[in-house]
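Novice: I am attaching a structure below and will ask some questions about it afterwards.
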Amino acid sequence: MRKSAVLLAGLLTAVSLTACGSAGGSAEPAVVVEVKNMAYNPESVTIEKGQTVEWRFDDGGLPHDVVGEGPLEGRLKSELLTEGTYSYTFDDAGTFTYHCTPHPMMVGTVIVRE
């Protein structure tokens, strides 16, 4: 009987730690946008309010950024990156556009639903 109680206690501890780990810490991105081949891929994404978009930069050494337009101007703004990631959590519903500063023909859209 004691073995069963110890096993049950260990199992409950493992389950509670797993639950805490998934609820806390940094959230996984809802969607990943690849920044390569002089484009954002996909160019348009749809997420829910409060979700995060992650941009992954890998375009053979060419620097790119993510710069918000309209209501996100000055808020959605990454550094110029040749590699690595940039994330942004969208707290408001709407349609948001962004571009790459050195390559203005690179544009993208994030649609955020309630």
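A short reminder: the numbers here are calculations on the coordinates, not readings from a lab. Computed from a predicted model, the values in this text were never measured in an experiment. Here the Cβ positions follow ideal geometry from the backbone for every residue, glycine too, while neighbour counts run over all protein chains shown.
Novice: Run the quick spin-label model on T109 and T85: label points 7 Å from Cα toward the beta carbon, then report their separation in nm to one decimal.
Specialist: Each label point lies 7 Å from its Cα, and together they span 2.6 nm.
Novice: Would you kindly state how much longer the chain becomes between T52 and A27 on full extension, computed as 0.36 nm times their sequence separation minus their alpha carbon distance, in nm to one decimal?
Specialist: Stretched out fully, the T52 to A27 stretch lengthens by 8.2 nm.
Novice: Can I ask one more? Report the net charge of residues surrounding M106, where surrounding means a beta-carbon distance below 13 angstrom and charges are Lys +1, Arg +1, Asp -1, Glu -1.
Specialist: Overall, the nearby charge balance is -4.
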